[in-house]
Each structure stands twice: as C-alpha cells, then as structure tokens.
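The values are calculated or read from the model by the stated rules, or taken from the named source; none is laboratory data. In this text, all values refer to a predicted model and were calculated from it rather than measured experimentally. Quick reminder, even Gly has a Cβ in these numbers, built from the backbone with ideal geometry, and neighbours come from all protein chains shown.
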Amino acid sequence: MGCKNSSNILETTPIKQNEESSYIYQLHTEPRSHLGVNELKYNYRISESTKVLGAGQFGKVFLSESIADPSFKVAIKVLNKVKLKEHIDSIREEVKILTKLDHPNIIKYYETYDDVKYIYMVMEYCSGGELFDKILAQKNSFFSETGTPLFMAPEVFDGDYNEKCDIWSLGILLYCLVSGLLPFIGDTAGEVMRKIKKGKISLKPKEFQNVTNECKDLINKMLTFDSYYRISGKDVLKHPWFMIFDQQILLTTQINDKSLDENILNNLRKFRGVSTLRKAVMNILVKMASNEHIEYLREAFIDLDKDSSGFITAAQLKQALINAKIYIKDDEIEKIINEVDFNGAKQINYSEFLAATISVKKIITEEKFQAIFKQFDTDGSGFITRQNIAEAMIKIGHKVSGQEIDDIMNKHDITKNGIISQKEFREIFMSCSNITQSQ
C-alpha cells in the first residue's frame, strides 16, 4: 500500500523454500497499538510544543526535524482515523500515488507511519509559507483554524463528491494566480461557505483585463457549479490554453537545447550492479540534499524530460546522446535505464536520476548517515536485520521479496553473521562515492 502500516506489520516467518530464498515475509493484520508514533518519534522530533503549520478537516500538519540530522526539516501530516472513517482507503490510495510521484516541481514524499489512531505522512517541508499569503493581500483568520474552505467545491460541503472536486480546487488556484484575487471572500468561514455553495464567480474585475480569453474560458469550465458538467482533468490538459503553453515550451526548448553533460552520462553508465539496498539508500539521501547541491542536476533532468512527465525514457536519453554527438548502442541505453530504475517503471524518475548522478561526497555528513541508518534500523537495535529491511522498504513504499532480501544480506553482510552493522552500512556510501564524480 506504499506505507508502514502497524495494522499490517511485517513479521518474519523463516519458512524454508529453497537454498536461494530461505525467508518469506507475511503480513499480519493485528494492529500494534502506538507502534506508529513510537517509530515516528525514534526518527523525528515531535512533541506537544511542535509547531503547527496548518490544519484541515481530518488533521494537522506539523513542522519537525530529523533527530539524527536536525538540519533536515520535514512536514508531518497527522490524520485522525476516527475523522477519516470511510475515507481511509482514499488516503492509502493517496499514499500509493505519492510514492510514484517524483518530479522536480512536486513536493517530495518521504514515508508513512501508521498506528491504531493516526496515519502520519512525512513530507518535504516547504518553507515559503502559504501560497495565498504570497499572492493575496486579503487574510482571514479562520483559514488557519479550519483549513482552506476557499478550495472546497460546493458538493464537498454536502459530502457527495468525486474527483471533479479537485478540478474545482485547481480552478480556484488558477483564478488566484492570474488575478491576485479570491473568487469567494467573507468576514467569516460561514459567509465564505454560503458564497461557494451558490457557486457564482465573476471574471469582470479589472484584474482580468489582461487575462487571455482562453484562460478565462478554462477557469469558467473548471468552476462549473454542477460537477457533472465540470471539465475533466484529461480535458483540462487538452484545453487550448494549455496547448498555447505547450507550443511556447517546445519553441523555448528547441532554442535553449543543451548537450548532455558527459560527467552525467558517465555516472549513469557506472551505476550498474547496484544492490536494491544501495538504490534505496541513495534515493533517501538525495531527498535530504539541499537545493544548492542538486540545482545543476535538476536542470539537467528537466532538459532530458522533454514532455515534463517526470520520467526519462530510453528514447529521450537516446535523443540527448545524439544531440551531444555521443553514440552508444540501444541495448546499452536499455541497460542504463534498467540499472538506474529503482521502482520498476522501465524509465528513470527524478530521485533515481539524482541517485545515479549526484556527488555523494558533497552531500553526505555524519548526521545524514546516522539518519538514514535509523531509517533501516527500525527497532533501534544498532544493527540491521532482514526484518528491518523488509519494514524499512515498506515504509518508503517499496516492496521487496525474500529473494531480494537474501541478495542484500549476501552483498552487505560482509562478516556473514546475519546482520548489517553500522560499519558495513557505511561501506554503501564509500562505494557510492567511488562511482559518482564531482559535478
């Protein structure tokens, strides 16, 4: 499900199958009370005095930091299961989607903890503050108390809604971005809600004078009161307003097309024979890196990702190589994709790209090492077992088989005593440093 679920805690049952794979991991359904929050507090600093960043219908978002590396700030969304009720499955689906979303312009998802009462989603902390505070002069105090009812579609207040409610919310955001105005304002939350329920918007203020007709048409279609007639997400992307931008982006890309840096290519080619554990470690590490350490690689990824899908395909990599006058065989390009790919998508996402190309020496610190080790030492024993690996992988949304865990132990349990010590775990970073070159 892409999360660490204490009602589905992995336990190790050593059932003999064959010489290659001697362990299988079975899911147990009995919840372990408070295991989620205890594990959370083992990795992140959170208490009654922790700063609240915001609140919504189902819970709150807190600012926290890694205990091992205080410089690593995170936002933790705490969702109350009692309030969620029938929406719990939707939240789990959201987590599943978040584990697959990996793009320079999308907030990073780290991991999820789960216990009897709450779901804890650990996300990237965006320090810029509320978007509305940036683009609007108007402020209403109730937003911080009840979430942002400005985003809510009329049907949400009645509890009968589908995915079209998100189209409404995005329509509100687009309205604000192009005009700097709120479509529905009031002195109280109740007044705003009543106006939203009427669903009447105006595109006549002077702030819309320089907004294109295509944009205004899209806003009207996204903010259609009856969700049945509201435009779908698929049709939003096909709307003429987006087509205009796509043409502009294509033209800009053709003008500013850059050759692929040979250092980046070399690092991609060298990232082979890498174990599942090392890929996981590197994918965690790059999410902890500061923007200054990844900006150059971020730009390179965006340049390679021509369709802005968040993935680099074999065809895109091949074209970049041709543009750089670097010629390698198609089967080697496929090998590069397969070796770098951690999530089995047959293409390279943003974190995977960073993991294969970043200079580990530039970003690794003792604090970051300890923080990542604690991610895998799930019971705080001071070493990593097969059970720990299975739990840690589930926590970051990556399922591993018994065979994969055996392979990890064979490669990284150097002393062959059935555990991975801190010293053995440190070797992962040493070997990564040998692969990647300074950018």
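Go through (1) surrounded by fewer than 13 Cβ atoms within 10 Å (Cβ to Cβ); (2) without any contact (Cβ under 8 Å) to a residue 40 or more places away in the chain and name the single condition residue 163 misses.
(2)
Across segment 143-172, what is the total count of residues that are modelled with pLDDT of 90 or more and in a helix (DSSP H, G or I)?
Residues that pass the stated criteria total 11.
Where in segment 1-88 are there strands (runs of 3 or more DSSP E), lying wholly inside it, with at least 1 residues that are at pLDDT 80 or above? Before you say what the answer is, go through the steps one by one.
Values: elements: 10-13, 24-27, 52-55, 59-65, 73-80.
Counting at least 1 such residues, we get 52-55, 59-65, 73-80.
Condition first: buried (at least 17 other Cβ atoms within 10 Å of the Cβ), among the aromatic types (Phe, Trp, Tyr), in a helix (DSSP H, G or I) and in contact (Cβ under 8 Å) with a residue 24 or more places away in the chain. Can you find one or more residues in segment 416-429 that meet it?
Checked against the condition, which is being buried (at least 17 other Cβ atoms within 10 Å of the Cβ), among the aromatic types (Phe, Trp, Tyr), in a helix (DSSP H, G or I) and in contact (Cβ under 8 Å) with a residue 24 or more places away in the chain, segment 416-429 yields at least one hit.
Hey, residue 273 hits all of (1) touching a residue at least 24 places away in the same chain (Cβ under 8 Å); (2) part of a helix (DSSP H, G or I); (3) not β-branched (Val, Ile, Thr) but one; which does it fall short on?
All conditions are met except number (2).
Results for (1) closer than 30 Å to residue 265 by Cα; (2) surrounded by fewer than 19 Cβ atoms within 10 Å (Cβ to Cβ); (3) in contact with a strand residue (DSSP E or B) (Cβ under 8 Å, 6 or more places away or on another chain), shown as yes or no for each residue.
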{"site": "358", "(1), (2), (3)": "yes, no, no"}
{"site": "361", "(1), (2), (3)": "yes, yes, no"}
{"site": "372", "(1), (2), (3)": "yes, no, no"}
{"site": "379", "(1), (2), (3)": "no, yes, no"}
{"site": "388", "(1), (2), (3)": "no, no, no"}
{"site": "395", "(1), (2), (3)": "no, no, yes"}
{"site": "404", "(1), (2), (3)": "yes, yes, no"}
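Take residue 71 and tell me if it is more than 18 Å from the chain's Cα centre (by Cα), under 16 Å from residue 288 (Cα atoms) and surrounded by fewer than 16 Cβ atoms within 10 Å (Cβ to Cβ). Give the steps one after another, and end with the answer.
Working: more than 18 Å from the chain's Cα centre (by Cα): yes; under 16 Å from residue 288 (Cα atoms): yes; surrounded by fewer than 16 Cβ atoms within 10 Å (Cβ to Cβ): yes.
Yes, satisfied.
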